[in-house]
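Heads up, the thing below is written out as structure tokens.
The values are calculated or read from the model by the stated rules, or taken from the named source; none is laboratory data. Source: prediction; values computed, not measured. Cβ atoms come from the backbone with ideal geometry, glycine included; neighbour counts cover every protein chain shown.
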Amino acid sequence: MTVASRITLARIALIPVFMWAMLKPFPYAGLLALVIFMVASLTDAVDGYLARRMNQVTNFGKFVDPLADKLLVTSALLVFVQRGEMSAWAAMIIVTREFLVTSLRMVAVAEGRVIAAVWAGKIKTVVQILCIAFLLTDVGCEVEAWPGVTLNAVAVWLMAAAAIWSGVVYVARHRDVLKSAR
């Protein structure tokens with residue numbers, strides 16, 4: 001197993017620890033959850049860099065790396081919904097985008113094509129990581145961006161908007177895959 005794949009698997013192993021820290025009320029639990037989330041998020045860049053740098057890009061890595069990313073983000077969304085800090089509709093928009101793009105990629109693979117990541121997807125990922133990190137700080141719970149709307153709500157809207165935007169970009173750019181799949 002490559003070094004990059006081991007790092008990816010470590011990211012997956014951090015997810016239950018991250019969720020535990022988010023859900024257990026003890027001193028500095030939020031800070032611990034934030035640190036774990038940021039470390040796990042940074043490993044995404046590290047494993048990809050190492051795989052390319054060491055010429056160790058594998059099919060296993062191509063499959064597990066994006067899965068690890070989706071599991072990490074989804075775990076945070078689920079806990080935010082459970083704690084009442086995020087609406088289920090917003091989490092559903094974000095998760096639906098992930099299923100949509102993954103399904104599009106699966107159809108393309110069946111046709112012998114590869115759909116590479118686009119900038120919209122990378123921007124969406126950065127927005128999600130930054131917004132989740134912000135939500136983990138609890139700074140924006142009480143602070144209003146404008147009357148009746150907290151900064152946390154704005155962060156959730158940003159994540160949902162980025163998910164919709166990047167999903168539309170992927171579908172528009174690869175609509176020929178959908179046409180040929182009929």
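List of remarks:
- Pairs where the first residue, in region 54-77, is outside the structural domain of S103 (by TED's automatic domain parsing) and the second is among the aromatic types (F, W, Y) and modelled with pLDDT of 90 or more, C-beta under 8 Å, 6+ apart: L72/F18; L72/F37; S75/F18; A76/F18; A76/F37
- Taking (1) in a loop (DSSP other than H, G, I, E, B); (2) touching a Phe, Trp or Tyr at 6+ places or on another chain (Cβ under 9 Å); (3) within 30 Å of K24 (Cα to Cα) in turn, V139 satisfies each apart from (2).
- Residue pairs meeting the criteria (Cβ under 7 Å; at least 6 apart or on separate chains; first free of Cβ contacts under 8 Å to residues at least 60 places away in the same chain and crowded, with 17+ Cβ neighbours inside 10 Å, in region 139-157; second part of a helix (DSSP H, G or I) and not polar (S, T, N, Q)): G140/F134; G140/L151; G140/A155; A155/C131; A155/F134; A155/L135
- Filter pass, A153 being in a helix (DSSP H, G or I), closer than 19 Å to I93 by Cβ and over 15 Å from the mean Cα position of the chain (by Cα): yes
- When residues of region 140-157 are limited to those that are touching a helix residue (DSSP H, G or I) at 6+ places or on another chain (Cβ under 7 Å) and among the hydrophobic types (A, V, I, L, M, F, W, C), the one modelled with the lowest pLDDT: C141
- Any chance R6 is part of a loop (DSSP other than H, G, I, E, B) and either touching a strand residue (DSSP E or B) at 6+ places or on another chain (Cβ under 9 Å) or more than 29 Å from N152 (Cβ to Cβ) (or both): no
- Filter pass, A90 being in the same structural domain as A21 (by TED's automatic domain parsing) and either at pLDDT below 90 or not aromatic (F, W, Y) (or both): no
- Condition check for V118: among the aliphatic types (A, V, I, L, M) and surrounded by fewer than 13 Cβ atoms within 10 Å (Cβ to Cβ): no
- When A145, A117 are checked against the criterion of being under 17 Å from V177 (Cβ atoms) and not assigned by TED's automatic domain parsing to the domain that holds A40, A117 stands alone in meeting it.
- If you go through region 1-54 and keep only what is touching a Phe, Trp or Tyr at 6+ places or on another chain (Cβ under 8 Å) and crowded, with 20+ Cβ neighbours inside 10 Å, you end up with F18, A33, I36, F37, A40.
- Number of positions in region 81-97 that are without any contact (Cβ under 8 Å) to a residue 60 or more places away in the chain and surrounded by 15 or more Cβ atoms within 10 Å (Cβ to Cβ): 3
- Of all residues in region 110-131, those that are outside any loop (DSSP other than H, G, I, E, B) have Cβ atoms under 9 Å from Cβ atoms of residues that are of a type in the set (K, R), 6 or more apart or on another chain, in A120/R173; K124/R97.
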